[in-house]
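The values are calculated or read from the model by the stated rules, or taken from the named source; none is laboratory data. Keep in mind it's a predicted model, so treat the numbers as computed, not measured. When we count neighbours, we look across all protein chains shown, and the Cβ atoms used for this are built from the backbone with ideal geometry, even at glycine.
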Amino acid sequence: MLKRFFIICSGADKNLIYSCSNGEQNKYAGIGATVFFTALMAWIASAYALYVVFDSMLPAILFGAVWGLLIFNLDRFIVSTIRKRDKFSQELLQASPRIVLAIIIALVISKPLEIKIFEKEIDTVLLKEKNELALANKEQMANYYATDFEKNQAAMDSLKNEITAKEKEVNALYSTYISEAEGTSGTMKLGKGPVYKEKREKHDAALAELDLLRKKNEAKISDKEKEAATLKTNLDKKIAESQPIVDNFDGLMARINALNKLPFLPSLFIMLLFLAIETSPIIAKLLSPKGEYDFKLEDSETALKTNLQQNNYQRNLMRDTDAAIYDDVYGEIRTDKELYNYKKQKAIELLKLQSDRFTEKQKGVM
């Protein structure tokens, strides 16, 4: 039962292969088994790749099955269409496009399985890349809000500088009227005279202005601090919103790129393994000598080709014979006097009618 199934997978003609020896049947069963297991590996590889893409088991299995059947059909077609020739160079030339196709299939199959085999190493590479992306994302977001932060901080610094400048002015006026009272500057008279009173009033007025300015600017500074807090909240929100994108940076393309950053040699060995598996049916058929099945298949094809050549020859011969017969028939008709006189009479009548019609047309023009 299993042997029959693998023979079907090989694409061999059932009527011919079952009339061959047991050894010949085993050879094609082995070729069919290679085709089947290659398609099975293609199903597993594509299902895993699609699971990484869709993150869902059922679609991955279904689409993977379709891909596996496609690879099975291609491999079966490739193997079944290779014919044994008298010269190896002819066979190699015939199989070269199929070998190229088999190489492409092997590369496509091996890549998802490489990703699964080196999953832990790839996760390490992806973790590093995610951290770098997260830092770059934070830096980019900070740069995006940097202008707003700078403007806000500059406004607060300006308000604080106004208060500081006014405080310096009040302190200077305070020192002036104190020095006047102590007699160390100004009028140089000890005591609180008119000049002291004038300077004290000027200081008090400046102090009142300072209190008013401080209240007004502190209210504005409070608003700016709230605005800065809002900007910080928005920045954190933007970073939090973009973080899932960074966390989900583990799709198929990201894993393929991460795989390419790992040492090349292990990946190369796995790829060569699948390449050997995929091309083994073709190589086996190229290297094996002509067997009983090949001779019978060639005999069947040659018989059909000979039959087609015979049919074509008979059709051509029939056509040539019919042409020769019709040539003789029309040759005899050409020498018949009665038919000649009849056609001559009809020609004369036609010429008369043409002449009469022309004459009537000319009279109408005149």
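Taking the criterion of being crowded, with 19+ Cβ neighbours inside 10 Å, under 30 Å from LEU297 (Cβ atoms) and among the hydrophobic types (A, V, I, L, M, F, W, C), the residues of the stretch 42-71 that qualify are ALA42, ILE71. Among the criteria (1) over 27 Å from the mean Cα position of the chain (by Cα); (2) assigned to a helix (DSSP H, G or I), the one LYS84 does not fulfil is (2). The residue that is surrounded by the fewest Cβ atoms within 10 Å (Cβ to Cβ), counting only those in the stretch 1-41 that are of a type in the set (Val, Ile, Thr) and more than 22 Å from LEU273 (Cα to Cα), is ILE8. Residues of the stretch 107-144 that are of a type in the set (Phe, Trp, Tyr), part of a helix (DSSP H, G or I) and under 25 Å from the mean Cα position of the chain (by Cα): none at all.
When the stretch 48-75 is filtered for residues that are under 18 Å from PHE274 (Cβ atoms) and touching a residue at least 40 places away in the same chain (Cβ under 8 Å), the ones remaining, listed by number, are TYR48, ALA49, PHE72, ASP75. Determine whether the stretch 145-164 contains at least one residue that is of a type in the set (Asp, Glu), farther than 16 Å from GLU227 by Cα and at pLDDT 80 or above. Scanning the stretch 145-164 turns up at least one residue that is of a type in the set (Asp, Glu), farther than 16 Å from GLU227 by Cα and at pLDDT 80 or above.
What do you reckon, is LEU265 of a type in the set (A, V, I, L, M), more than 30 Å from SER10 (Cα to Cα) and surrounded by fewer than 10 Cβ atoms within 10 Å (Cβ to Cβ)? Judged against the criteria, LEU265 is a match. Meeting the requirement of 3 or more residues that are over 21 Å from TYR293 (Cβ atoms), the helices (runs of 4 or more DSSP H) wholly within the stretch 1-76 are 22-54.
Among the residues of the stretch 220-247, count how many are of a type in the set (Val, Ile, Thr) and in contact (Cβ under 8 Å) with a residue 40 or more places away in the chain.
At the first step, the residues of the stretch 220-247 found to be of a type in the set (Val, Ile, Thr) are 221, 230, 233, 239, 245-246.
Adding the requirement that they be in contact (Cβ under 8 Å) with a residue 40 or more places away in the chain leaves 221, 239, 246.
Residues that pass the stated criteria total 3.
Restricting the stretch 268-293 to residues that are in contact with a Ser or Thr (Cβ under 9 Å, 6 or more places away or on another chain) and among the charged types (D, E, K, R) leaves a set whose member that is surrounded by the most Cβ atoms within 10 Å (Cβ to Cβ) is GLU278. Of all the listed residues (LEU107, LEU113), the sole one being surrounded by 15 or more Cβ atoms within 10 Å (Cβ to Cβ), touching a residue at least 12 places away in the same chain (Cβ under 8 Å) and in the same structural domain as PHE274 (by TED's automatic domain parsing) is LEU113.
Identify, please: which residue in the stretch 73-98 is among the β-branched types (Val, Ile, Thr) and crowded, with 19+ Cβ neighbours inside 10 Å and is, among those, nearest to ALA60 (Cα to Cα)? Here the answer is ILE78. Considering (1) in contact with a helix residue (DSSP H, G or I) (Cβ under 8 Å, 6 or more places away or on another chain); (2) β-branched (Val, Ile, Thr); (3) over 30 Å from TRP43 (Cβ atoms), say which one THR302 fails and leave the rest. For THR302, the failing item is (1).
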